[in-house]
Amino acid sequence: MNQDQLKQMVGEAARDEVLKLAAGQVLGIGTGSTANCFIDALAPHRDHFLGAVSSSNATTERLLKHGFKVLNPNEVTSLPAYVDGADEIDPAGHMIKGGGGALTREKIIASMAKQFICICDSSKQVPVLGNFALPVEIIPLAQGVVTRELEKLGGKISLRMQKTGQEPFVTDNAGWILDIAGLQIANPEQTEFQINQIAGVIAVGLFAKEKADLLLVSNAAGVERIIFK
Ligand code: 5RP
């Protein structure tokens, strides 16, 4: 079974999971290739939900194409669940996210939701976070000072570039992203707190406070359901 099939399988499992929620509510929906599989699987059942809150322009576009109603987060006061992928997840449900650059909106919507349902294939499960470079969204004019502060954590910092390699990658919020390679994140809560204190940081893609409540993880044998305390 290839990775695309594993993503599709977990997307369908997430569809079945959210269809257990009472009808008529708003659902938070994440960004990335696994979230896209979930959106595609949920599309025929979109009327179960009043609408969706989206974590990126790309997700909004896909939801609208499928006929979902997309609401502004400011119009919504409660979300029963937020469904999204991850770049890495540890045994406690802490995650690295932001490989697609949508970390800030992802974190905002996750903070609004009663439950974070993480969906991924088993290649994303790690004993300790940090093999995947940790993304940090910043205000562009703070690039120099934030880089110097982040270097104190011990990793190697690089400015994320567009695919052409000529210009910085620009987020949906007009921010830039610094990726920190080579960190072993033994204490995710502490690292998240430390990075959040740096002036010029918009958000860090470490989801320790907003960790997963439920993980649906696919492998060749099927989809496992892991509930975190
Ligand atoms: C985007 C994210 C994604 O959830 C993360 O990058 C996983 O993506 P994929 O499902 O494509 O592997 O955080 O900002």
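The values are calculated or read from the model by the stated rules, or taken from the named source; none is laboratory data. Source: prediction; values computed, not measured. FYI the Cβ positions are ideal-geometry reconstructions off the backbone, even for glycines, and counts take in every protein chain you see. The area values use the complete protein model at the heavy-atom level, side chains included, leaving out ligands, DNA and RNA. Shrake-Rupley method; radii C 1.70, N 1.55, O 1.52, S 1.80 Å.
Using a cut-off of 26 Å between Cα atoms, the listed pairs Lys7/Lys163; Lys114/Lys152; Lys114/Lys156; Lys65/Lys211; Lys69/Lys163 include Lys114/Lys152; Lys114/Lys156; Lys65/Lys211; Lys69/Lys163 as exceeding that distance. With R₀ fixed at 41 Å, the C-beta to C-beta distance from Ile227 to Asn57 puts the FRET efficiency at about 0.80.
How high is the relative contact order of the chain, given as a whole-number percent (alpha carbon pairs under 8 Å, six or more residues apart)? Walk me through the numbers before you get to the answer.
Details: 497 pairs, mean separation 51.1, N = 229.
Over the chain, the number comes to 22 percent.
Computed from backbone phi with θ = phi - 60° and the Karplus coefficients 6.51, -1.76 and 1.60, the 3J(HN,Hα) list for segment 165-178 is x, 9, 10, x, 5, 10, 6, 4, 9, 6, x, 10, 10, 9 Hz; x is used for glycine and proline.
Less than 18 Å apart at the alpha-carbon level, and either on another chain or at least 8 residues along: which aspartates and glutamates does that give for Lys107? Partners within reach: Glu75, Asp84, Asp87, Glu88, Asp90, Glu137, Asp172, Asp179, Glu189, Glu192, Glu210, Asp213.
Distance between Cα centroids, segment 70-110 to segment 147-169: provide it in whole Å. What the calculation gives is 22 Å, centre to centre.
Please compute the length gained on full extension between Arg148 and Thr164, using 0.36 nm multiplied by the number of residues separating them and subtracting their Cα-Cα distance. The partial results should precede the final answer.
Numbers: separation 16, 0.36 × 16 = 5.76 nm, distance 2.58 nm.
3.2 nm is the gain from fully extending Arg148 to Thr164.
For a paramagnetic label modelled on Asn219 (point 7 Å from Cα along Cα→Cβ), amide N atoms under 14 Å away belong, within segment 116-156, to 120-127.
Across segment 42-59, the residues whose backbone nitrogen lies under 14 Å from the label position 7 Å along the beta-carbon direction of Ala23 are 45-51.
Sequence-ordered 3J(HN,Hα) estimates for segment 151-159 from the Karplus curve with 6.51, -1.76 and 1.60 and θ = phi - 60° stand at 4, 5, 6, x, x, 9, 9, 9, 7 Hz, glycine and proline given as x. Here the dipole of the chain is about 140 debye; that uses its Cα centre as origin and unit charges on the Cβ of Lys and Arg (positive) and Asp and Glu (negative).
Just to confirm a number: summing +1 for Lys and Arg and -1 for Asp and Glu over residues other than Gly24 whose beta-carbon lies under 13 angstrom from that of Gly24, what do you get? Intermediate values should be presented prior to the final figure.
Numbers: positive: Arg46, Lys69; negative: Asp47.
The answer is +1.
Using the Cβ-Cβ distance between Ile139 and Lys209 with R0 set to 22 Å, the FRET efficiency works out to roughly 0.55. For segment 134-203, the direction-averaged projected area of the alpha-carbon convex hull comes to 4.7 nm².
The apolar share of the surface of segment 120-229, taken as the fraction of accessible area on carbon and sulfur atoms (1.4 Å probe, ligands and nucleic acids excluded), comes to 54 percent. Summing Cβ point charges (Lys, Arg +1; Asp, Glu -1) relative to the Cα centre of segment 134-203 gives a dipole of roughly 220 debye. Sorted from longest to shortest, the spans of the Cα atoms of the chain along the three principal axes equal 48, 37, 34 Å.
Dipole magnitude of segment 1-125 about its Cα centre, charges +1 at Lys/Arg Cβ and -1 at Asp/Glu Cβ only, in debye to the nearest 20? Intermediate results must be reported in sequence, preceding the final value.
On the way: 12 positive and 14 negative charges, 62 e Å.
That gives a dipole near 300 debye.
Taking all protein chains together, Thr60, Thr171, Thr164 sort by accessible area into Thr164, Thr60, Thr171, largest first [probe 1.4 Å]. Take the chain, connect every pair of alpha-carbon atoms lying under 10 Å apart with a spring to form a Gaussian network, then pick out the residue of Val145, Val204, Val83 with the largest mean-square fluctuation. Sorting by GNM fluctuation, first place goes to Val145.
Counting heavy atoms of the protein chains only and a 1.4 Å probe, report the per residue accessible area for the chain as a whole number of Å². Display every interim value, and only then the final one.
Values: 10650 Å² over 229 residues.
Value for the chain: 47 Å² per residue.
Along the axis of the charge dipole computed for segment 62-218 (Cβ charges of +1 for Lys and Arg, -1 for Asp and Glu, origin at the Cα centre), the listed residues Ala212, Met112, Pro188 are led at the positive end by Met112.
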